[in-house]
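**Student:** Just dropping this structure here.
The values are calculated or read from the model by the stated rules, or taken from the named source; none is laboratory data. Please read these numbers as outputs of a predicted model, since none were measured by experiment. Every residue, glycine among them, receives a Cβ derived from its backbone with ideal geometry; neighbour counts consider all protein chains shown. SASA here: full protein model, heavy atoms, side chains in, ligands and nucleic acids out. Shrake-Rupley method; radii C 1.70, N 1.55, O 1.52, S 1.80 Å.
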Amino acid sequence: MNDKGIIFDLDGVIVDTAKYHYLAWKKIADALGFEFTKAHNELLKGVSRTRSLEILLDIGKITLSDNEKQKKLISKNKDYLGYIEKMGADEILPGVLTVLDFLDENNIHYVLGSASKNAELILKQINLHHRFFGIVDGNAVSKAKPDPEVFLIGAHKLHLPPENCIVFEDAIAGVEAAKIANMTAIGIGDKETLSEADFVFNDFTEISEAFLYELLDSTKY
């Protein structure tokens, strides 16, 4: 099975930091005088920080100078860091550790492929950083998902061709990026939303060892 490798997204897959992103973005929206809802926050899933600000400003019909935008980005990240610096291993999503343990026991390497520029800090906070074979985060890429850059770099770190890589994603853009890269896409979340994925589970607790064995059996995929 070790001719296969795994690429995990971070937010919404390993941990749920969407709530912290939401609070930090909402603070900016409040200061600018418009409502930013949790439904709006869904539009920012898997999107870079700069693009997220653009979406937020579009929602509020607000125009800012480049200098003002930069100040907002710095402010947002400062608030967000304040939340994630208090994170612990108890915030790892259900079932994730079971899957990671299975991969370790079967000598399957896995890397992170995330748009987050704070990915390394988060993994250290939840005590998972040392378990990853490599980290590809927002500091290592120039193109946001659905561009496959982050996953292609991940495949390179795994020393595997893209078609031998399996991606776990919770966002439409991430699933699209995996498919463009010719990788197997496993959606974590709503089946209708992630309908383009090869397989979809509500969360990792639904993923059985039997499924993982079959997924990693190179004679089948």
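**Student:** Provide the percentage of antiparallel DSSP beta bridges, counting only those with both residues in the chain; round to the nearest 5. Walk me through the numbers before you get to the answer.
**Tutor:** Values: 1 of 19 bridges.
For the chain, the DSSP antiparallel bridge percentage is about 5.
**Student:** A further question on this structure: How much of the accessible area of region 83-190, in percent, comes from carbon and sulfur atoms when a 1.4 Å probe is used?
**Tutor:** 50
**Student:** Would you please calculate the Kirkwood hydrodynamic radius of the chain over all C-alpha pairs and express it in Å, rounded to one decimal? Each step should come with its number before you reach the end.
**Tutor:** Values: mean 1/r = 0.0560 Å⁻¹.
With all distinct Cα pairs of the chain included, I get 17.9 Å.
**Student:** Sorting check: for 78-86, 183-191, which peptide has the highest mean count of neighbouring beta carbons within 10 Å, and how do the rest follow? Display every interim value, and only then the final one.
**Tutor:** Details: 78-86: 14.2, 183-191: 21.4.
By packing density, highest mean first, the sequence is 183-191, 78-86.
**Student:** Another question about this same structure. Keeping all protein chains in the complex and leaving out DNA, RNA and ligands, what accessible area do you get for Leu152 with a 1.4 Å probe, in Å² to the nearest 10?
**Tutor:** 80
**Student:** Now a separate question. Please calculate how many Å² of accessible area region 155-221 carries per residue, with a 1.4 Å probe and no DNA, RNA or ligand atoms counted. Please report the intermediate quantities before stating the final value.
**Tutor:** Working: 3350 Å² over 67 residues.
For region 155-221, the solvent-accessible area averages 50 Å² per residue.
**Student:** Of the GluC sites (Glu not before Pro) in region 1-68, which ones lie in a loop per DSSP and count no more than 11 other C-beta atoms within 10 Å? Spell out each step's value before the answer.
**Tutor:** On the way: sites: Glu35, Glu42, Glu54, Glu68; in loops: Glu35.
Qualifying residues, ordered by number: Glu35.
**Student:** Under 22 Å between C-alpha atoms is the cut-off here; go through region 100-221 and count lysine pairs that meet it, provided they're at least eight residues apart or on different chains.
**Tutor:** 12
**Student:** Label Glu209 and Asn107 with points 7 Å out from Cα along Cα→Cβ: what is the distance between them in nm?
**Tutor:** 1.8
**Student:** In whole percent, what relative contact order does the chain give with Cα contacts below 8 Å and a gap of six or more residues?
**Tutor:** On the way: 355 pairs, mean separation 55.6, N = 221.
Relative contact order, the chain: 25 percent.
**Student:** Relative contact order (percent) for region 92-221, with alpha-carbon contacts under 8 angstrom and 6 or more residues of separation? Mind dumping the intermediate values first?
**Tutor:** Working: 192 pairs, mean separation 25.4, N = 130.
After rounding, I find 20 percent.
**Student:** From the helices alone, meaning DSSP H stretches of at least four residues, give me the mean residue ellipticity at 222 nm for the chain, per-run term -39500 (n - 2.57), in deg cm²/dmol to the nearest 500. Intermediate results must be reported in sequence, preceding the final value.
**Tutor:** Details: 9 runs with 94 residues, N = 221.
Calculated mean residue ellipticity at 222 nm is -12500 deg cm²/dmol.
**Student:** Heavy atoms of the protein only, probe of 1.4 Å, neighbouring chains included. What is the accessible area of Glu120 in Å², nearest 10?
**Tutor:** 70
**Student:** Here is a further query. Give me the orientation-averaged projected area of the Cα convex hull of region 51-154, in nm², one decimal. Provide the component values of the computation, followed by the final result.
**Tutor:** Working: hull surface 32.6 nm².
With the hull built on Cα positions only, its mean projection is 8.1 nm².
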